[in-house]
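Asks: One structure, pasted below without further comment.
The values are calculated or read from the model by the stated rules, or taken from the named source; none is laboratory data. These numbers come from a predicted model, not from an experiment. Glycine also receives a Cβ, built like all others from the backbone with ideal geometry; neighbour counts cover every protein chain displayed.
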Amino acid sequence: MIPDGMRFLTTLAVLAVVGEAPVALGSAPAQAGDFAACITDLKHTARKAGVSSAITTQALDITRPDANVLRLSTVQPEFKIPIWDYLGFLVDEQRVADGRAMIDTHDRTLRAAERRFGVDRYVIAAVWGVETDYGREAGKSFLPHALATLACRGSGRSKFWRGELVAALKLADRGDVPLNELYGSWAGAFGQTQFIPSTYQRLAVDFDGDGRRDLVNSVADALGSTANYLKRAGWRSGQPWMIEVKVAPHYHGPQGRNDKAPLSTWAARGVTRADGALLSGGGQAGLLLPAGPSGPGFLVFRNFDAIYAYNHAESYALAISHLADRLAGYPPLRTPWPTDDPGLSRAERLHLQQLLLANGYDIGEADGKIGPVTRAAIAEAERSLGMPPTGRAGQKIYHALGGKSGGR
Ligand code: CA
């Protein structure tokens, strides 16, 4: 979950698991003395807000801004990711298989959260899977330092970051999460389902009953809190979130998440289920055609908007919705994306990097994460093979270098 106004960074945050360090555009220099004065001021603010002096001192006993946070906060997205790569990465077979295993393991907790908050358990699990790969990638920035850096050296929204910092310190102070476990994204989202501290303060619940709201160490607390978040965002129990549909090839009627109509209206506009079946059922939905009328179409309901509230990007809500469907046992999308160069699975990404290394491209260690260094090598390989240099990790370059679908 990333605060409003940082929407484009959301993709980077989600794809931080894909990317090497992005290229920074640099940050405004500031005087060391200014920074120290700002930290002193932050300490006063925290104390005035009721945070103990012990926590305040421990948390803010820093002398330098967090350079990594400054670099990430000034990055510009230099590479626009096609929707099929974005979804292909976030909803690959591995995440589906891992998610089904996690749902088995945490079946009782997920069912309890579904009962108490009315939110479908597959959606709760999908948020967990996309946000942190089921708890495996929760972020490496020490929150007090990251938030203090943004408050004192960031390029704006200083008041917002100060508020998040104080909220984080309060969580440590009241014993929800130990101070030394406050690690998360550079922008302050943390825990198994990536709440920012102010949201945590407002909406986290103690779902395992130990008296603490610990979204870092307690899967139950994280899943219960996510369900609570979605419920507060307007989730309607027992209603759908999204269905895949088809439109006529030259469809030019209404579109958009907010342009909702009953399914009978969509049927009258020629929209069918992706398998060709007639639309039926209650509820109002809007039509999304993220790759135009020839690609997969989606009717999205009020519950899709609740997912969208978690992280303001339609591509993100599509990923959660589709992963939830896959976890519930539904098949992959029926309509192929309109591209002759689909993206790669995680195994194929790793293998592509191994092939680049074997072909003499120095990309460091193959780790399956496609960042600027790998993309530059891909572009160079494409050029040397007489292909247009896209720098994108797709099937074409993968096959050209000797890869076979399936990653081996
Ligand atoms: Ca707890």
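Asks: With the condition kept exactly as written, say whether any residue in segment 356-377 is among the charged types (D, E, K, R), touching a residue at least 60 places away in the same chain (Cβ under 8 Å) and not in a helix (DSSP H, G or I).
Replies: For segment 356-377, residues among the charged types (D, E, K, R), touching a residue at least 60 places away in the same chain (Cβ under 8 Å) and not in a helix (DSSP H, G or I): present.
Asks: Which condition does Thr226 not pass, out of (1) in a strand (DSSP E or B); (2) out of contact with any Gly (no Cβ under 8 Å at 6 or more places or on another chain); (3) β-branched (Val, Ile, Thr), if it passes all the others?
Replies: The single condition Thr226 does not satisfy is (1).
Asks: Lys140: modelled with pLDDT under 95 and either in the same structural domain as Pro293 (by TED's automatic domain parsing) or closer than 20 Å to Val75 by Cβ (or both), yes or no?
Replies: yes
Asks: Ok, one more. Here are Ala328, Ala313: which of them is within 23 Å of the chain's Cα centre (by Cα), at pLDDT below 95, within 28 Å of Ala101 (Cβ to Cβ) and of a type in the set (A, V, I, L, M)?
Replies: Of the residues listed, the single one that is within 23 Å of the chain's Cα centre (by Cα), at pLDDT below 95, within 28 Å of Ala101 (Cβ to Cβ) and of a type in the set (A, V, I, L, M) is Ala313.
Asks: Only one residue in Arg111, Arg100, Arg116 is under 21 Å from Tyr330 (Cβ atoms) and in contact (Cβ under 8 Å) with a residue 40 or more places away in the chain. Which one?
Replies: Testing whether each residue is under 21 Å from Tyr330 (Cβ atoms) and in contact (Cβ under 8 Å) with a residue 40 or more places away in the chain leaves just Arg100.
Asks: On to the next question. So is Ile62 more than 18 Å from Leu182 (Cα to Cα) and β-branched (Val, Ile, Thr) or not?
Replies: It is false that Ile62 is more than 18 Å from Leu182 (Cα to Cα) and β-branched (Val, Ile, Thr).
Asks: Would you tally the residues in segment 166-188 being crowded, with 24+ Cβ neighbours inside 10 Å and within 14 Å of Leu203 (Cα to Cα)?
Replies: 2
Asks: Let me ask something else. When segment 189-211 is examined, which residues are found to be more than 16 Å from the ligand (Cβ to nearest atom), among the β-branched types (Val, Ile, Thr) and surrounded by fewer than 24 Cβ atoms within 10 Å (Cβ to Cβ)?
Replies: Once the filter is applied, which keeps residues that are more than 16 Å from the ligand (Cβ to nearest atom), among the β-branched types (Val, Ile, Thr) and surrounded by fewer than 24 Cβ atoms within 10 Å (Cβ to Cβ), segment 189-211 yields only Thr199.
Asks: Oh, and also: I'd like the full set of residues that are at negative phi and loosely packed, with under 14 Cβ neighbours inside 10 Å, limited to segment 254-268.
Replies: Pro254, Asn258, Asp259, Ser264, Ala268
Asks: Considering each of Asp221, Asp214 in turn, give the residue that is free of Cβ contacts under 8 Å to residues at least 40 places away in the same chain, within 16 Å of the ligand (Cβ to nearest atom), within 20 Å of Phe142 (Cα to Cα) and crowded, with 19+ Cβ neighbours inside 10 Å.
Replies: Asp214
Asks: Could you tell me which of the residues Pro296, Pro249 is more than 16 Å from the ligand (Cβ to nearest atom) and either under 24 Å from the mean Cα position of the chain (by Cα) or modelled with pLDDT of 95 or more (or both)?
Replies: Step by step, each of Pro296, Pro249 is checked, and only Pro296 is more than 16 Å from the ligand (Cβ to nearest atom) and either under 24 Å from the mean Cα position of the chain (by Cα) or modelled with pLDDT of 95 or more (or both).
Asks: Filter segment 129-164 for residues that are of a type in the set (Ser, Thr, Tyr) and not in a helix (DSSP H, G or I) and give the result.
Replies: Tyr134, Ser141, Ser155, listed by residue number.
Asks: Would you pick out the residues in segment 165-185 that are part of a helix (DSSP H, G or I) and within 13 Å of Val51 (Cβ to Cβ)?
Replies: Leu165, Val166, Ala167, Ala168, Leu169, Lys170, Leu171, Ala172, Asp173, Leu179
Asks: Spot the failing condition for Ser237; the list is (1) at pLDDT 95 or above; (2) surrounded by fewer than 14 Cβ atoms within 10 Å (Cβ to Cβ); (3) in contact with a Pro (Cβ under 9 Å, 6 or more places away or on another chain), and only one is missed.
Replies: All conditions are met except number (3).
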